[in-house]
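Read-outs: derived from the displayed coordinates by stated rules, not from any lab. In this text, all values refer to a predicted model and were calculated from it rather than measured experimentally. When we count neighbours, we look across all protein chains shown, and the Cβ atoms used for this are built from the backbone with ideal geometry, even at glycine.
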There are 4 protein chains.
Amino acid sequence: MNTFGRNLKITTFGESHGAAVGAVIDGCPAGIVLNENDIQSLLDRRRPGTSPLTSARQERDRVEILSGVFEGKTTGTPIAMIVRNEDRQSKDYDALREVFRPGHADFTYQEKYGIRDHRGGGRSSGRETVGRVAAGALALKYLAANGITITGKIIEVHGKSDPGEIENEILAAKNAGDSVGGIVEIVAKGCPPGLGDPVFGKLDALIAGAMMGIGAVKGVGIGDGFAVAGKFGSENNDQMTKDGFSSNHAGGILGGISSGQDIVVRIAVKPTPSIAKTQQTRDIHGNVVDISIRGRHDPCIVPRIVPVAEAMLALVLMDCMLEQEKYRN
Amino acid sequence: MNTFGRNLKITTFGESHGAAVGAVIDGCPAGIVLNENDIQSLLDRRRPGTSPLTSARQERDRVEILSGVFEGKTTGTPIAMIVRNEDRQSKDYDALREVFRPGHADFTYQEKYGIRDHRGGGRSSGRETVGRVAAGALALKYLAANGITITGKIIEVHGKSDPGEIENEILAAKNAGDSVGGIVEIVAKGCPPGLGDPVFGKLDALIAGAMMGIGAVKGVGIGDGFAVAGKFGSENNDQMTKDGFSSNHAGGILGGISSGQDIVVRIAVKPTPSIAKTQQTRDIHGNVVDISIRGRHDPCIVPRIVPVAEAMLALVLMDCMLEQEKYRN
Amino acid sequence: MNTFGRNLKITTFGESHGAAVGAVIDGCPAGIVLNENDIQSLLDRRRPGTSPLTSARQERDRVEILSGVFEGKTTGTPIAMIVRNEDRQSKDYDALREVFRPGHADFTYQEKYGIRDHRGGGRSSGRETVGRVAAGALALKYLAANGITITGKIIEVHGKSDPGEIENEILAAKNAGDSVGGIVEIVAKGCPPGLGDPVFGKLDALIAGAMMGIGAVKGVGIGDGFAVAGKFGSENNDQMTKDGFSSNHAGGILGGISSGQDIVVRIAVKPTPSIAKTQQTRDIHGNVVDISIRGRHDPCIVPRIVPVAEAMLALVLMDCMLEQEKYRN
Amino acid sequence: MNTFGRNLKITTFGESHGAAVGAVIDGCPAGIVLNENDIQSLLDRRRPGTSPLTSARQERDRVEILSGVFEGKTTGTPIAMIVRNEDRQSKDYDALREVFRPGHADFTYQEKYGIRDHRGGGRSSGRETVGRVAAGALALKYLAANGITITGKIIEVHGKSDPGEIENEILAAKNAGDSVGGIVEIVAKGCPPGLGDPVFGKLDALIAGAMMGIGAVKGVGIGDGFAVAGKFGSENNDQMTKDGFSSNHAGGILGGISSGQDIVVRIAVKPTPSIAKTQQTRDIHGNVVDISIRGRHDPCIVPRIVPVAEAMLALVLMDCMLEQEKYRN
């Protein structure tokens, strides 16, 4: 479904080459100071066309708030926000109307719906994340007012962790008509203990679902993540001291509930599937064809996923903060 | 929350040393042949006390179906199932009433609720998974009737993948008063294309949330998982041939929707936090104390997580199958 | 579905002649003092077999709490409660296995599910309300601690409002092999203003849905209910004074949100459909047959619906109280 | 909350004098032919400014579809629709910034949120129903394609049922600076048996919640509604014949499930609270003040509620149709 969250509910809508993308936020407390600039600054971080490393698509991505804000404050009613799609070179996609791009959602959308908006990936485009980031901007603001900050960063791209080497890897892939993947880490500082619900609503489960719901993410780890598989219990347990914990292998979550330590999440991002290199695929008639995807594509989506992952973690945490309010006696 | 699923809704309840554990399944189609033996056989696979590698706790774990089945068939009404807790040596836990075991949910439950059933971990005990496995047995039966099979296996324990070496690692850890973690892989074969919902309800997101909602799981990967971070797009894309796909790096999911290939999931399981080795911790009064956890604990939870992970994947897939029915025109 | 509520979530299960009926309550705050006696006393009010006016079915209806309570207090985990079905004279229903009783759910269950537990109405039996009443007892306790009391009463039965006349009407109907309907009023006193959510979650909408979800209820009115249709705005508006409102035509709800006045709800209860008088109906093979329903049936369900309606209003209000907590800044 | 439905999920947003009102529809099957004209025609029926009996507010109410439709067909992705607010004479409402209008949501919004958009009632304005009607137009189209039609009509206004008398009553009230209420009936023909879910999701419960969620509705009856209270079971039961049922006192719903007969719903609509007659009220400072509400108000909201009630019933039924699809084996 297109709605995320239990208390703060975000519904996103829009296709890459439709009239607009956007989000409706329901369940936001009244009285939060909010204007379009608060949202615009985070949107600008995910915007394409700002460096040689990203897609050349030019979008001003100007957000308009349609409802839910009165005289500069949220009113407790749904906040609808839209961003018009401006640079829609839909003609570029005519060749793809009947072909399934490898690694893309084209084939599975066709199988599921029997119809798809092929222009720029339609709903499966990364452009859908505009709505998430707009909503996330509100959540980040709410969290900051509660002493919680969220920061994302690139850990590695194609095996490299040095910023200069990362840039080289991306440009080399671009020049070769190829693409590369990487790992992003998002850390939340200042979280109170008690967030998250045991069993199916564990904080790790909510975060994992949120992250895996971002296109291109194929792995999620909390704290030490997959490294726990190779450890002894005596190494992995975070012992307690007078001041708190002596380590943070658990990534700030014990039994599905935040412990008050930093929440640490890592996600694995696959290489952009749109590449110029020739690949074999099928069309909707079952014919096997060659494909070389030209156009304005990111050779590495990792940098642009950082603000999206921050937004998703912010939405999870704000949702849990509201949930937690219910059980304060 | 304690409910899982959108169409097939499972609510589990029960504490390790309470009267019973169980589950209520709502949304199950009518007319499915079901009896207690169908459920018992999967429950027996997760039962403790069956090998030197697992906890010595003896539970017959006899399931009783209280409702929703009439003359051997489901009726479309809620199926309630309970398993009485029999071998409750609650006295063993008296020493832990006021102490937070490292790596356990003791501290965070206390912070969240201000009260906790300390006996055997209460609700955070692995015993909660009895309800999931009971529900999963129904889902596995439904899926099998639709040509879908799910198989889980241990990939590695503490860095070893050979069964004999795995057994040695576990026994060595047990003898050292320690514990070890590992990796489990679950594969679903025979899934039709089209399952899963784009955006927040991506099949990968649903699976990741389901797996991370199992206690002790700290990482989830779909298909190649974290390995995608080091690859080129040209390596990672699954090209299409006349007969399907030439590889399955995506783990059977494209754009959040099943492609018809095998669905491949890997999870990282942390070492059991309950160990005999002395650790430092705190009690509820803030005193720093030493703790050595004696009692009947698994030195490695990995083998017993396999049926739980199978059950969770089965619940996700049956839920998606029912969801999919809505959109067949 | 079989789950009610957004924050306090009640799932009921069980058939009239199955092993047990019951409920699982999820989302209850920790720390509430609760034992089986708290629940038993409300259950006893809805129990049959206590007067010549009600069904002769004898059920002790002893509730057992299976989980979620530790040392006399709720722990924040799911509270599962069951009541075993004892006086199951299922043989009485053999004649009804293939016949659709007029005014009952027999025909529609058969159409919907293709299978039904015909014994005593199965899931559509009034016995399902045991789970609601058990959950409602907890809600009533929570509300009382917050200064809110709920009282239901019979307003009229078959057009009569005097208690003696009501008793006569019921006995006369019973003797004639017939049944009668009536009207019940439920009032909540002490509700704070602010409960309920505008638009689809209006407090009136939540209450109307809750009441109409009780079997046999065919009409719901808030405050003046249907009488508003014949009034002028100047008569119907509740004007404000220094101390509050000068009248309560609105039944304590304005714009879907509680105003702090008494919440007043009236429900119309249909005559029990099970009557001894001969009626025409069909069997599952399409044959038209005569039917005279013998057995232990209430000639008027109105008195026994009172505690059920109180329970449902309590569940709605506790749910809204918890919802409200989220938005306190 | 601002979302309605379980399978077809409608989220509405917007205030009377904000930038726009609208809705996002999630869960709509792919492949339905839909364009803006389909929606416009139903919107035009609820539009003000079309007769001396309705508000003089002039709104063209032009709907724009922002997403979810591609080449004239739904794609299975969210359908976002907006209607810009054009005739916003917000100045008219300056006098009401600090005063609570009797019978309005002003007081309760202030109590709940501590802030409110006072202009034209903000979110509590009847203008919110634009989003519902837009979504309902889609549902009506879907239902019509499945052989189901929905028709609403005025049964009575201020005790009168003749159209001419109704018009006189409304004009007389208007001239007196007053307003009147009435009763609306909505009938769905062609519904298959089997819609609705027993217990809390009974079709009557879903309909009652949907209707009571429309502003100004204070009573709901299914079939004979409150009249059942005065009847014998032998009068109220709908007996079965070879061809179906011999009567329809139940309004097409038995045990919460549709029987295949016409679904008959009646709702009681209160007189518009905005009247010119002087009333006593309070302001936000606690002062008692006199108020006479001038401006462009409907003296009777009953005619304009008809398409809204039709839309809500359509949304309920389409939702149940989709739900039903899940359980077809």
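Quick notes
- For q = 0.21, 0.23 Å⁻¹, Debye-computed log10 I/I(0) when each Cα of the stretch B:176-259 counts as one equal scatterer: -1.13, -1.29
- For chain D, relative contact order (Cα pairs under 8 Å, six or more residues apart, normalised by length) works out to 22 percent.
- Distance between the pseudo-spin-label points of residue A:241 and residue D:283 (7 Å out from Cα toward the beta carbon): 6.1 nm.
- Scaled against the 2.2 N^0.38 Å expected of a compact globular protein of N residues, the Cα radius of gyration of the stretch D:244-319 reads 1.77.
- Chain A: angle of helix A:163-175 to the longest principal axis, Cα-based, in degrees nearest 10: 20
- Rounded to the nearest 500, the helix-only mean residue ellipticity at 222 nm of chain B stands at -8500 deg cm²/dmol, with each DSSP H run of n ≥ 4 adding -39,500 (n - 2.57).
- Centroid-to-centroid separation of the stretch A:207-229 and the stretch B:52-121 [C-alpha atoms, Å]: 28
- Degrees, to the nearest 10: A:36-46 long Cα axis against longest axis of chain A: 60
- Largest GNM mean-square fluctuation among B:31, B:251, B:114, using chain B with Cα springs under 10 Å: B:114.
- Percentage, to the nearest whole number, of Cα pairs in the stretch B:61-121 over 14 Å apart: 67
- Inter-chain shielding of B:303-315 (mean C-beta neighbours from other protein chains, 10 Å cut-off): 0
- Candidates C:127, C:84, C:282, ranked by Gaussian network fluctuation over chain C, Cα under 10 Å, top entry: C:282
- Nearest-first distances (nm) between copies at residue A:294, label 7 Å from Cα via Cβ: 6.8, 7.7, 8.8
- Average other protein chain Cβ within 10 Å of Cβ, residues B:18-25: 6
- Computed over the protein assembly as shown, Kirkwood Rh from alpha-carbon pairs, angstrom: 31.8
- Shape of the stretch B:72-198, Cα gyration tensor, a/c cut at 1.5: oblate
- Cα pair count fraction exceeding 33 Å, expressed as % - chain C: 30
- In chain D, the longest principal axis of the Cα atoms and the axis of helix D:203-212 are about 10 degrees apart.
- Reduced Cα scattering model of the stretch A:191-329, Debye log10 I(q)/I(0), q = 0.14 Å⁻¹: -0.77
- Take each residue in D:238-251, count the other chain C-beta atoms within 10 Å of its C-beta, and the mean is 4.
- Distance between the modelled labels on residue D:175 and residue B:92, one decimal in nanometres: 8.8 nm (7 Å Cα→Cβ projection).
- Whole-Å distance, taken between Cα centres, linking the stretch B:130-189 and the stretch D:230-258: 55
- 3J(HN,Hα) along the stretch B:25-35, derived from phi through the Karplus expression 6.51 cos²θ - 1.76 cosθ + 1.60 where θ = phi - 60°, amounts to 9, 10, x, 7, x, 6, x, 7, 5, 8, 9 Hz, with x in place of Gly and Pro.
- Within the stretch D:1-129, the percentage of alpha carbon pairs spaced more than 16 angstrom apart rounds to 68%.
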